[in-house]
Amino acid sequence: MTLIGLELWLEHSTLPGREFRLTGYRLIQHRLSNTLQEPLPITVIDISDLEPEPIPGTESRATPRPELQRILKIVAEYSPAAIAVDIDFSPDEKGWVDPVHDPQFFEECLTLKSPRDRRIPVYLGVNRAQIQKPEFWLGNERYEPLAASMSIPREAQKMITGLVVPGSPKPLIGLASGLANAYRGQRPTPLWARLGESLGLLESLSAANLEGVQAQEFLVDYSPRVLLNKEKIPYREMPSLEAEQLRERLFRKMVIIGAADLDKTMDVFSVMNEPVTGPIIIACAAYTLAQSTPLYELTTGGYILINLTLSAVAFLLIGGIWYSNPGKKVAVERVRILSTLLVAAAVVMIGVTLVRHTRVAWDGFLIVLVALALHRRFESLVAWLRAALPKAIGVG
């Protein structure tokens with residue numbers, strides 16, 4: 001129990017603990033990459049070459065709305081599930097960034113339809129005004145259904161599903177959440193996940209610590225990031241692609257439009273110490289939410305339960321040997337080594353394979369291995385304290 005307490009402290013409150021968790025996180029992501037299934041339900045359209053242009057009468061520059069409108073119309077011809085645009089469309093202190101074209105573009109997004117007259121959900125990025133009330137997100141309450149937060153946490157291991165600002169009547173969803181909701185609708189939660197959540201052992205969302213703002217975050221599955229980068233469509237190539245190619249990449253899929261070229265955008269974040277652009281991160285987040293089961297994390301109760309279970313394995317093993325050989329001398333060191341190896345093997349198996357079959361990410365399993373390695377030294381320390389403490393206080 002003392003080791004479990006020390007392990008939890010090390011894991012959550014120290015730099016070495018965070019490094020061990022990061023290593024565990026990388027191993028989990030590698031495992032997820034090995035189970036990636038194609039084709040992906042999401043496509044990235046890269047507009048890195050679409051340079052911002054000066055806005056007449058202002059000193060501002062903005063991505064040309066008419067060109068974005070043309071891209072949306074091309075995509076809509078192939079009936080995507082939903083479209084997200086990873087650009088900040090929220091007004092600045094003077095109002096709409098492009099006062100002439102923004103309202104027209106927003107109206108086009110509200111009424112965008114497929115060839116079969118099905119409305120296509122469109123989500124536009126909001127950053128500057130995301131902690132304000134809905135009427136300020138896109139400069140007019142009419143355009144509130146289009147608004148979605150484009151925020152990405154600095155470490156980018158997790159993504160925000162939405163923001164609730166005090167005094168605001170509605171939450172601002174994230175771009176990834178909007179795409180996934182439109183793609184899958186209401187997703188039933190598996191029975192084992194409902195049980196784990198009700199017992200406080202699992203969580204698919206965790207509360208983010210944002211000052212004055214309520215937010216929830218979820219762990220991102222980055223297994224498709226390499227494939228998304230490889231298969232992204234540069235927007236200038238869209239007119240030259242055959243209709244069948246575009247249909248294969250866009251039909252009933254989530255589509256995100258944004259600057260996804262590392263060499264041509266400043267919208268870059270570190271993911272496992274690798275640079276990844278914002279649209280690719282949002283695409284991975286949408287992919288995570290769109291799966292039949294999202295990624296789950298262990299709560300503190302879940303961590304303790306796993307540790308106690310592994311300890312129980314060792315106790316039962318040693319107890320079984322002890323009671324099956326009454327009165328006989330037991331090779332203690334051999335039993336110790338065997339039980340340690342068995343528990344270590346169980347830790348690795350659970351830590352690496354659990355995520356594949358249940359999508360439960362246990363990124364602290366490496367710290368358990370460290371605790372196992374230190375167990376003998378800790379036992380020696382306890383034995384020394386048991387002998388030294390009574391003498392120090394004059395007992396015995």
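Can you tell me the 0 to 90 degree angle between the C-alpha axis of helix 65-76 and the longest principal axis of the chain, rounded to 10? That works out to roughly 70 degrees. A 1.4 Å probe over all protein chains sorts 292, 60 by accessible area into 292, 60, starting with the largest.
What number of lysine-lysine pairs in segment 212-328 show an alpha-carbon separation below 27 angstrom, given a sequence spacing of 8 or more or placement on distinct chains?
Working: 230/253; 230/264; 232/253; 232/264; 253/264.
Close lysine pairs under the 27 Å cut-off: 5.
With the simple model of a label 7 Å out from the Cα in the direction of the Cβ, residue 345 to residue 309 spans 1.8 nm. Per residue, the accessible area of the chain comes to 53 Å² when a 1.4 Å probe rolls over the protein heavy atoms. Remind me, relative contact order of the chain in percent, using alpha carbon pairs under 8 angstrom and six or more residues apart? Relative contact order, the chain: 23 percent. Counting every pair of alpha carbons in segment 9-126, the share spaced more than 23 Å apart comes to 52 percent. Exposure check, 1.4 Å probe, all protein chains in place: residue 73 carries approximately 100 Å² of accessible surface.
Considering just Cα atoms, how many Å³ per residue does the convex hull of segment 314-387 enclose? Walk me through the intermediate numbers first.
On the way: hull volume 8.3 nm³, N = 74.
Given the Cα convex hull of segment 314-387, per-residue volume reads 112 Å³.
For the modelled label position 7 Å from the Cα of residue 114 along Cα-to-Cβ, which residues of segment 233-261 have backbone nitrogen atoms closer than 12 Å? Answer for segment 233-261: 250-254. Just checking the listed ones, 148, 314, 361: in the Gaussian network model of the chain with Cα springs under 10 Å, the one fluctuating most is 314. Using only Cα atoms, locate the centre of segment 108-131 and the centre of segment 142-162, then give the distance between them in Å, rounded to an integer. Cα centroid to Cα centroid, the span is 15 Å.
Suppose a student asked you for the relative contact order of segment 201-344, using Cα pairs under 8 Å spaced at least 6 residues apart; what percent would you report? For segment 201-344, the relative contact order is 28 percent. Helix 2-13 and the longest principal axis of the C-alpha atoms of the chain enclose an angle of approximately 20°. Listed by chain and number, the aspartates and glutamates whose C-alpha is less than 13 Å from the C-alpha of residue 94, apart from same-chain residues fewer than 8 away, are 59.
Hey, what angle do you get for helix 365-392 against the long axis of the chain, alpha-carbon based, 0 to 90 degrees rounded to 10? Approximately 40 degrees, to the nearest ten.
Ligands, DNA and RNA left out, the accessible area of the chain computed with a 1.4 Å probe is 57% carbon and sulfur. Within segment 61-143, all pairs of alpha-carbon atoms sorted by distance into 10 Å bins from zero give the percentages 17, 52, 27, 5, 0. Heavy-atom accessible area with a 1.4 Å probe sorts 349, 150, 159, largest first, into 349, 150, 159.
Ordered by 1.4 Å accessible area with all protein chains kept, 365, 269, 20 run largest first as 20, 269, 365. The modelled label-to-label distance between residue 144 and residue 104, using points 7 Å beyond Cα along the C-beta direction, is 2.7 nm. Quick one: Debye curve from the alpha-carbon atoms of segment 1-41 only, equal weights, vacuum; give me log10 I(q)/I(0) at q = 0.14 Å⁻¹ to two decimals. Debye intensities relative to I(0), on a log10 scale: -0.47. For the chain, the mean residue ellipticity at 222 nm estimated from helices alone is -15000 deg cm²/dmol, where every DSSP H run of n ≥ 4 contributes -39500 (n - 2.57) and the total is divided by all residues, rounded to the nearest 500. Building the convex hull from the alpha-carbon atoms of the chain and averaging its projection over directions returns 26.6 nm².
The values are calculated or read from the model by the stated rules, or taken from the named source; none is laboratory data. All values reported here derive from a predicted model rather than from experimental measurement. Here the Cβ is made from the backbone with ideal geometry for all residues, glycine too, and neighbour counts use every protein chain on show. Surface accessibility is based on the protein's heavy atoms, side chains included, excluding ligands, DNA and RNA. Shrake-Rupley method; radii C 1.70, N 1.55, O 1.52, S 1.80 Å.
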